[in-house]
Amino acid sequence: MGVRIQEAPFDAQAEADALREGDFDVGAVVTFTGTVRDVNDGDAVGTLTLEHYPGMTEKALEAIVDEARERFDVRRILVIHRVGTLAPGDPIVLVAVTGAHRGEAFDACRFVMDYLKTRAPFWKKERTPSGDRWVDARASDDEAARRWGGDSSADGP
Amino acid sequence: MRGSPDLATSVVKLVFLARLREALGTSHERFAVAGPTTVGAIRAALIERGGAWSAELANGRAVRVAVNHELATGTTAVAPGDEVAFLPPVTGG
């Protein structure tokens, strides 16, 4: 349960097992693992460096988890997000949800990822053959968050 | 952040993250305020500096602002001692 920001890799199966452990009301464990791709917008990606805004990141992720727990009938939610330099194939983010039934657990997992994409203060910088570049935000991520209704992101002034 | 009394009573800490930090050439600064103000007023004062400041923070640019780690809008109140962060669109996950 909870949120973690770390440089170290994670073991998705071990985390899911620990989340379910001792809770016999659980009939469904849903995990999502996001990984680094080796190509983005047509260019080869060597490494990816993730930075965040310490202090706000934890708060933002906790708020997303709280909102998911209000919206969906689930038992436990865990979010792990890595920071630092990662290579293609490396896991970046884990969302694990336990619940009595699969429907709510699937929905809660997707909701947390969709909101994390638009609300949690992480930024990716890619190393490509033509130099380093900050990754641009995608309109499709905003649309995915809006699917859940309400205000997907606080707009700037 | 509130290391000395005068800092807490007359200064706001500004934080610039990721692409904005690089474009503006600074990660943070102590910004003097006369008293309670707003996010919009601080942003307007930074835009007045011209150059990269006006280019990066101009109204219409996709910049979000957080006050004390909570997403804010232009009308959000800012008091001396607060931390105001300027964030490019997020790209985690």
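The values are calculated or read from the model by the stated rules, or taken from the named source; none is laboratory data. Treat the numbers as computed from the prediction; the structure is a model and nothing was measured. Neighbour counts are summed over all protein chains in view; Cβ atoms, including those assigned to glycine, are modelled from backbone coordinates with ideal geometry.
Among the candidates A:T35, A:T47, A:T57, which residue alone is surrounded by fewer than 15 Cβ atoms within 10 Å (Cβ to Cβ) and of a type outside the set (A, V, I, L, M)?
On the way: A:T47 fails: surrounded by fewer than 15 Cβ atoms within 10 Å (Cβ to Cβ); A:T57 fails: surrounded by fewer than 15 Cβ atoms within 10 Å (Cβ to Cβ).
From the options A:T35, A:T47, A:T57, the qualifying one is A:T35.
The set of residues from the range B:68-89 being within 7 Å of chain A (Cβ to nearest Cβ) and without any contact (Cβ under 8 Å) to a residue 12 or more places away in the chain comprises just one member, B:L71.
With respect to A:R76, is the statement that it is in contact with a helix residue (DSSP H, G or I) (Cβ under 7 Å, 6 or more places away or on another chain) and closer than 18 Å to B:V63 by Cα true?
On the way: in contact with a helix residue (DSSP H, G or I) (Cβ under 7 Å, 6 or more places away or on another chain): yes; closer than 18 Å to B:V63 by Cα: no.
When the stated conditions are applied, A:R76 does not pass them.
Note on the range B:24-67: residues that are within 12 Å of another protein chain (Cβ to nearest Cβ), at negative phi and exposed (fewer than 12 other Cβ atoms within 10 Å of the Cβ) amount to 2.
For the condition in contact with a helix residue (DSSP H, G or I) (Cβ under 9 Å, 6 or more places away or on another chain), within 14 Å of chain B (Cβ to nearest Cβ), buried (at least 19 other Cβ atoms within 10 Å of the Cβ) and at pLDDT below 95, A:D141 qualifies. Looking across the range A:82-103, the residues that are under 17 Å from A:E70 (Cβ atoms) and buried (at least 20 other Cβ atoms within 10 Å of the Cβ) come down to A:V95, A:V97, A:T98, A:G99. Is the range A:56-64 home to any residue that is modelled with pLDDT of 95 or more, under 12 Å from the mean Cα position of the chain (by Cα) and under 16 Å from A:A14 (Cα atoms)? Within the range A:56-64 (the criterion being modelled with pLDDT of 95 or more, under 12 Å from the mean Cα position of the chain (by Cα) and under 16 Å from A:A14 (Cα atoms)), the answer is no, since none of the residues qualifies.
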